[in-house]
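Accompanying notes for the structure given below.
The values are calculated or read from the model by the stated rules, or taken from the named source; none is laboratory data. Quick caveat: nothing in here was measured; it's all calculated off a predicted structure. FYI the Cβ positions are ideal-geometry reconstructions off the backbone, even for glycines, and counts take in every protein chain you see. In case anyone asks, the SASA skips ligands and DNA or RNA and just uses the protein heavy atoms, side chains included. Shrake-Rupley method; radii C 1.70, N 1.55, O 1.52, S 1.80 Å.
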Amino acid sequence: MGADGLGQRVLRKEDRRFITGKSRYTDDIAVARATHAVFVRSPYAHARIRNIDASEALAMPGVHAVLTGKDFAEDKLGSLICGWMIHSKDGTPMKVGAHPSIAADTVKHVGDQVAVVIADTREQARDAAEKVAVDYEELPAVIDPVKAMEPGAPQIHPEAPNNHIFTWPIGDEAATDAAFKDAAHVVKIDVVNNRLIPNAIEPRAALAVYDEAEESYTLYNTTQNPHVARLVLSAFVGVAPEHKLRVVGPDVGGGFGSKIYVYPEETVCLWASKKVGRPVRWTAERTESFLTDAHARDHVTHAEMAFDADHRIIGFKVNTIANIGAYMQIFSSVTPTYLYGTLLSGQYDMKNIYCEVTAVYTNTNCVDAYRGAGRPEATYLLERLIEKAAREMGVDRVELRRKNFIKSFPHQTPVIMNYDSGDFDALIEKALELADYKGLPARKEEAKTRGKLRGLGFSTYIEACGLAPSAAVGSLGAGVGQWESAEVRVNPTGNVEVLTGSHSHGQGHETVFAQLIADRLGIGVENVQIVHGDTDKVQFGMGTYGSRSGPVGLNAIHKALEKVEAKAKKIAAHLMEAAEDDIVIEGGKLKVAGTDKELSFGEVSLAAYTAHNLPQGIEPGLKEGAFYDPINFTFPSGCHVCEVEVDPDTGHTEIVKFTAVDDFGNIMNPMIVEGQVHGGLTQGIGQAMFEGCIYDKETGQLLTGSYMDYCMPRAADVPSYTLGHSTTVCPSNPLGLKGCGEAGAIGSPPSVINAIIDATGSDNIAMPATPERVWRAIHG
Amino acid sequence: MPKVTMSVNGRQVSGECEDRTLLVHFLRENLGLTGTHVGCDTSQCGACVVHVDGLAVKSCTMLAAQADGSNVTTIEGLAKGDELHPMQAAFREHHGLQCGFCTPGMIMAGIDIVNRKGGPNLDEKTVREELEGNICRCTGYHNIVKAILDANAKMSGAQAAE
Ligand code: FES
Ligand code: FES
C-alpha cells in the first residue's frame, strides 16, 4: 500500500497538538466553579488515628469541607480492590486486607491519606490542610518483608496473620528435586530486584464533576483504562452507578503501569464533588507521586540451577519473597506470580522448574505492575544466573545459551506457557554482529591503556504480553476478561472513525491504528479519526497495559474492519451487478475481479447511507463492531548486549554501547516501535544503574521522595542505542503482532549488570549499580 | 493582590495574583496557556521551561511578580500560524516525543541550547549534557537528541543565510 500503509515510518498524526502546547491533559481541562482538593497524609509508617480536629481548617478562607475516613465509611463506600485471586500452596485463598480510600482507624504507610480539604483554590486548600490536627498514636512499623514474617512483627492487617498474603507455587517440586540429585554442577545465586518508582512525568490527577440535574458523574483522570476504572468505581467502591458515571482519560502523560490502577484520590474526588456540590480537582505534587503512585519490583530471591555434565539445564529452583507494601492493588497479586513464575523458562529448554513466591505486607506504599511487570524480575534472575553459571563452569556464555535455547515451536514450558514462535539463535547472531562481539578483546585492551575497565554483558529474554485468553486468565484467578473491543464507522463521505477500547498515553495509537485503516481502505491517515479514552463514546474496553494495544487492540480493529469489508463487498457486488465472490479489495478499491469495474470505499459507503439501492435484506449504514479475545499470549523475545567502561578510581560506569535486537513479530510502524524500545531500555538502565526507592528501615520514612534523591536517568546517562530486528511472525493473531512496549525494560537490566561484572571481575554488584557500589566491588 | 504585567508571546497581558504565585501558575491559570507543564516541585524535571527575555527559565522557579515587565515566550508562541518552529518540526520529524508531557519544556530547552551553543560544532555529547535539567520518561532521549541536532543544523543554516 501507499505511504501511510503498514510497516511504514508514518509520522505521528497526534504530534501537532503536543508540540504546539494544545494538548489537553487532565490538569489542563477547565470547568466552571472547580474547587481544589488537597490531601492530608500520614507522616508515620504505622499509626492509629485517635482524633482528627478540622475546626481550624474549616474556618479558613475558601474552605468548603474537610472530609475524613469516618465520613467515607458512613456513606458506606467500599474498599479498593485487588483484581486477581491467588491461592496459596495449601489451597487457601490469599489474605486481603481492606484498602479504604481514606484511612479511618490506622494508617499503614507514610503518605496514606487521612483527610481531604476542599477549597476554592489550591493554595487555600494547602494552607488549610496544614491546619488539620491529626492526633496519632504511633505504632511499630515493619519495612523489610523478611522481618515482616517473623514472629512478633507488627501486624498490618488483621486478615493476614504474620503479614503473610500467600505462598504460591508453580512447577513440579518432586521432579525438580530429583533432577538436582543428578546434577553435575549446581549454580546458586541471591538477587534483589530493587524497588522502583514509575515516575510518569505527568503527575496523577483527577477532575470530578457531579451533575445534579442528571444525577451523573464525570471523572477526567490520568488513567490507562477508563472503562475498568468505571467498573471498579461503580461495582466495588460504589461511588456512582456505572450508567451514571463517565470516565475520560484525555491526553495522558505517560503511565508505564502506574496509571492502570484505581487510586484513592479519584474515588474521593468523585464522592466529594457530590458532597460539596462543586467540581473537585486534584493534581499530585511530585512528592505525592513518590509517596503514593504504585511502586514496583521489590523481590528478594534465592535460586539454584542444576546442569548436567554437558552443561544442559536440568533443573531450576526459585524462592522469591515479594514485598507488596501496605495494601493490595489491582495487579499486585498477579505480578509476582503469573507474570513472573511463568516466564522462568526464558529462552531455554528446561524440563524442571519449581518456584515458590511468598507475598508479604509491609508498612510501605503499594507495589504493583510497572513496565514489564514480573517479566523483568524473571529475566534478571535467569540471565544473571546463566552468566554466573558460564563463569563457574568455565564455558563460553554465548555457547552456554545457545546450547540450551529452545529450537522448535510451539514449545510447552513446564510453567504453563506455550511459546508459539521465536528464533533465538537468529537474535543472538544478529546481536553479536551489531555489537561487534569479536572486537571486544581488542577494545578491552585499548581501554586498559586508558586505565579503564571495559566489559560486555548479555541478556536474552522472552516475555508474554497481550494477556490472554479470557477463559484461561479467568481459570487462573483474574477478575476480568482480557479481550478488546473496537468499532469501525465508515462515514457517508468516506472518512472513518475508529472507536477503540485501547488507551494511548504516548504509544502513538492515533497513527498506528489509522495506518491499518488507511492501508485497507485506501485513504490517508488524516482521513481516519481514532476515538478512545472516553466511556461515553466507546462502549467498553480493557485499556492499555502489558503491551496489549497491538496484539489485542489492533486485532479487534482488524476484526471489525473485516466485517465492514464483508458488508461493503455485498453492497459493491449489488451496485456493480456482479457476484459477491467476484469482488476483491485491492488498494482500497472494491473491484470486480477480471474486469475494470471498481468502486472506492467512499462510493460504497455513500450508497450504504443513502440506502436507495441496497441488496435485499441489507441494513443501511457501514459501521461494525467487534470484540477480539486472543487465543494465546504473544511472545516477543530478544537479545540485549551492553558494553560498559568502568573507571576503577571512581566506580563510575559509562555505557559505551547498547545493542538491542528484538523480535516483535510484524511491525506496523518501525519508527514508533523503535521509540518504544528506546524508552524501555532507558527505564531498564535506570533500574540497573540509578533508580532505587529507599525507605528508612526503622521509621519507614521515604528517603527517596523527590527528584533530588531518586535518580532518574537523564540524557547524558544513556547512549544512543543500536537497534536491530529479527522477525518471526506471531501465529496467534491475524495481524501477526507480538507487542513491543515493555521489552526494553525487561531485557536491559541484566545486560547492564552482567557487563559491569565482566568489566570488574566481581559479581558482588547489586542494582542500582551506583559508583559507590561498583567502587566497593572493585576494591573489595 | 498585586498586579503583574508582561508580554507573553508578543501580547501585552496583565493580571492579579498572590505574591507567592509562580510564573507557571500565572501562565496556566490566569492566562490559560496550559502548554507549559508542571512535573515536579523541586525544579528538577524541566517540564515547565519557558523563555524569559530570551533565556530558558524554569517557570516553576520564578514568581510571576519577578517576571513583571519581561518578555515571556511559551510553547504556544513558537509557531507562526501554521508554520512550525524548526525545533517543533524536528521533534515531529524525529519522533522526539511520545506522551508529549515533557515536550514543551524540551522544545524550549532545545531552542535555548541552539541559541547558546548552536552552530556547526554542536555535538551529541554537548546536547546530552545541556539537557541536564529536563527529564523525559518516555523517549529514552535518543530521538530528542537527534531532533535537537537536526534543528540546530536548520536553525544555524537559516541564521547563516540571514
Ligand atoms: S515543574 Fe519546573 S522543573 Fe519540574
Ligand atoms: S514524551 Fe513522555 S515524558 Fe517525554
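B:Thr61 accessible area, nearest 10 Å², 1.4 Å probe?
Here the residue's solvent-accessible area equals roughly 80 Å².
Just name one of A:Val538, A:Tyr609, A:Tyr136: the one whose Cα is farthest towards the positive end of the charge dipole of chain A (beta-carbon charges, Lys/Arg +1, Asp/Glu -1).
Result: A:Tyr609.
Tell me the net charge near A:Lys444. Cut-off is 14 Å between Cβ atoms, A:Lys444 excluded, with +1 for each Lys or Arg and -1 for each Asp or Glu.
Working: positive: A:Lys438, A:Arg443, A:Lys448, A:Arg450, A:Lys452, A:Arg454, A:Lys657; negative: A:Asp436, A:Glu445, A:Glu446, A:Glu643, A:Glu645, A:Asp758.
Residues near A:Lys444 contribute +1 overall.
If amide hydrogens are placed 1.01 Å from N in the peptide plane, which non-local residues have theirs closer than 5 Å to the one on A:Ala184?
A:Phe307, A:Asp308, A:Ala309
Could you name every residue in segment B:91-115 that has 50 Å² or more less accessible surface in the full protein assembly than in its own chain alone (probe 1.4 Å, ligands and nucleic acids excluded)?
Listed in order, they are B:Arg92, B:His95, B:Leu97, B:Gln98, B:Cys99, B:Phe101.
Determine which lysines satisfy two conditions relative to A:Lys147: a Cα distance under 29 Å, and not lying fewer than 8 residues away in the same chain.
A:Lys89, A:Lys95, A:Lys108, A:Lys188, A:Lys317, A:Lys388, A:Lys697
Tell me the relative contact order for chain A as a rounded percent, counting alpha carbon contacts under 8 Å between residues six or more apart.
The value is 16 percent.
For segment A:523-540, in order, what is each residue's ³J(HN,Hα) by Karplus, 6.51 cos²θ - 1.76 cosθ + 1.60 with θ = phi - 60°, in whole Hz (x at glycine and Pro)?
10, x, 4, 5, 8, 10, 10, 9, 10, 8, x, 9, 5, 7, 9, 9, 5, 7
Net charge near A:Ile102, counting Lys/Arg +1 and Asp/Glu -1 over other residues with Cβ under 12 Å of its Cβ?
Once positives and negatives cancel, what remains is -4.
Report, in deg cm²/dmol and to the nearest 500, the calculated mean residue ellipticity at 222 nm for chain A, where each DSSP H run with n ≥ 4 adds -39500 (n - 2.57) and the sum is divided by the residue count. All intermediate terms of the calculation are to be shown ahead of the outcome.
Numbers: 20 runs with 203 residues, N = 780.
After summing the helix terms and dividing by residue count, I get -7500 deg cm²/dmol.
Tell me, what is the 1.4 Å probe accessible area of A:Leu702, in Å² to the nearest 10?
Per-residue accessible area (A:Leu702): approximately 30 Å².
Give the interface area between chains B and A as buried accessible surface, both sides summed, probe 1.4 Å, in Å² to the nearest 100.
Adding both sides of the contact gives about 4300 Å².
What's the local net charge at B:Cys17, with K and R +1, D and E -1, over the other residues with C-beta under 9 Å away?
Summing Lys and Arg as +1 and Asp and Glu as -1 gives -2.
Is there a quick way to get the dipole size of segment B:3-77? I mean about its Cα centre, with the Cβ of Lys and Arg at +1 and of Asp and Glu at -1; what is the value in debye to the nearest 20?
For segment B:3-77, the charge dipole is close to 120 debye.
Please say if chain A is rounded, prolate or oblate, where rounded means a/c under 1.5 for a ≥ b ≥ c the square roots of the C-alpha gyration tensor eigenvalues, and otherwise the choice is prolate for a/b larger than b/c and oblate otherwise?
Oblate is the answer for chain A, as a/c is 1.5 or above yet b/c matches or exceeds a/b.
Under a 1.4 Å probe, what is the accessible area of chain A per residue, stated in Å²?
In whole numbers, chain A has 34 Å² accessible per residue.
For labels at A:Ile694 and A:Thr595 in the simple 7 Å Cα→Cβ model, what's the distance in nm?
7.7 nm
Enter the mean number of other protein chain beta carbons within 10 Å of the beta carbon of each residue in A:506-519, as an integer.
Partner-chain Cβ atoms within 10 Å, mean over residues of A:506-519: 1.
Trypsin sites (Lys or Arg not before Pro), restricted to segment A:348-448: which are DSSP loop and have at most 15 other Cβ atoms within 10 Å?
Answer by residue number: A:Lys407.
Find the relative contact order for segment A:576-730 and round it to a whole percent, using C-alpha pairs within less than 8 Å whose residues are 6+ positions apart.
Normalised by residue count, the contact order of segment A:576-730 is 19 percent.
Which ³J(HN,Hα) values in Hz, rounded to whole numbers, follow from the phi angles of segment A:308-316 under the Karplus curve 6.51 cos²θ - 1.76 cosθ + 1.60, where θ = phi - 60° and Gly and Pro get x?
8, 5, 8, 6, 8, 6, 10, x, 9
Multiply the residue separation of A:Glu562 and A:Val395 by 0.36 nm, subtract the distance between their alpha-carbon atoms, and state the gained length in nm to one decimal. Spell out each step's value before the answer.
Working: separation 167, 0.36 × 167 = 60.12 nm, distance 5.23 nm.
Between A:Glu562 and A:Val395, full extension yields 54.9 nm more.
What do you get for GluC sites (Glu not before Pro) in segment A:458-535 restricted to DSSP loop and a cutoff of at most 14 other Cβ within 10 Å of the site's Cβ?
Working: sites: A:Glu463, A:Glu484, A:Glu487, A:Glu497, A:Glu510, A:Glu526; in loops: A:Glu463.
For GluC sites (Glu not before Pro) across segment A:458-535 that sit outside H, G, I, E and B with at most 14 neighbouring Cβ atoms in 10 Å, the list is empty.
Of all accessible surface on the protein assembly as shown at a 1.4 Å probe, what whole percent is carbon and sulfur?
In the protein assembly as shown, the share of accessible area belonging to carbon and sulfur is 49 percent.
Per residue, how large is the accessible surface of segment B:86-156? Use a 1.4 angstrom probe and give square angstrom.
Ligands and nucleic acids excluded, the figure is 30 Å² per residue.
I'd like the FRET efficiency for A:Ser762 and B:Glu132, computed as 1/(1 + (r/R0)^6) with the beta carbon distance as r and R0 of 25 Å, rounded to 0.05.
According to the calculation, E is roughly 0.25.
Could you pull out every residue, at least 5 positions away or on a different chain, whose amide H is within less than 5 Å of the one on A:His295? Hs are placed 1.01 Å off N in the peptide plane, and Pro or chain starts have none.
Answer set, sorted by chain and number: A:Cys366, A:Val367, A:Asp368.
Would you work out the charge dipole size for the protein assembly as shown about its Cα centre, treating the Cβ of every Lys and Arg as +1 and the Cβ of every Asp and Glu as -1, and quote it to the nearest 20 debye?
360 debye
Round to a whole angstrom and tell me the spacing of the C-alpha centers of segment A:140-188 and segment A:402-449.
Answer, in whole Å: 32.
Return the subset of A:Lys559/A:Lys589; A:Lys537/A:Lys738; A:Lys13/B:Lys117; A:Lys567/A:Lys738 for which the Cα-Cα distance in this structure is over 22 Å, preserving the input order.
Values: A:Lys559/A:Lys589 19 Å; A:Lys537/A:Lys738 28 Å; A:Lys13/B:Lys117 31 Å; A:Lys567/A:Lys738 29 Å.
Cα-Cα > 22 Å for A:Lys537/A:Lys738; A:Lys13/B:Lys117; A:Lys567/A:Lys738; rest within.
As I understand it, the dipole of segment A:217-321 uses +1 on the Cβ of Lys and Arg and -1 on the Cβ of Asp and Glu, about the Cα centre. Which of A:Ser258, A:Ala296, A:Gln224 lies farthest toward its positive end?
Going by the Cα projections, it comes out as A:Gln224.
I'd like the projected area of segment B:86-156, averaged over all directions, using the convex hull of its alpha carbons. Report it in nm² with one decimal.
3.8 nm²
Per residue of segment B:44-50, what does 6.51 cos²θ - 1.76 cosθ + 1.60 with θ = phi - 60° give for ³J(HN,Hα)? Whole Hz please, x for Gly and Pro, Karplus curve as stated.
10, 9, x, 5, 9, 5, 10
Scaled to the compact-protein estimate 2.2 N^0.38 Å, what is the alpha-carbon radius of gyration of segment A:456-570, rounded to two decimal places? Could you put the intermediate results ahead of the total?
On the way: Rg = 16.0 Å, N = 115, 2.2 N^0.38 = 13.4 Å.
My calculation over the Cα atoms of segment A:456-570 gives 1.20.
Name the GluC sites (Glu not before Pro) in segment A:548-623 that are in a loop by DSSP and that have at most 13 other C-beta atoms within 10 Å, would you?
Taking segment A:548-623 and a limit of 13 other Cβ atoms within 10 Å, the loop GluC sites (Glu not before Pro) found are A:Glu577.
Describe numerically, in nm with one decimal, the distance between label points set 7 Å from Cα along Cα→Cβ at A:Glu654 and at A:Asp308.
4.7 nm
Taking only C-alpha pairs under 8 Å that are 6+ residues apart, what is the relative contact order of chain B in percent?
23 percent
If a/c stays under 1.5 just call it rounded; otherwise compare a/b with b/c (prolate if a/b is bigger, oblate if not). Do that for segment A:1-124, with a ≥ b ≥ c from the square roots of the Cα gyration tensor eigenvalues. The partial results should precede the final answer.
Details: a/c = 3.32, a/b = 1.32, b/c = 2.52.
Because a/c hits 1.5 or more and a/b fails to exceed b/c, segment A:1-124 counts as oblate.
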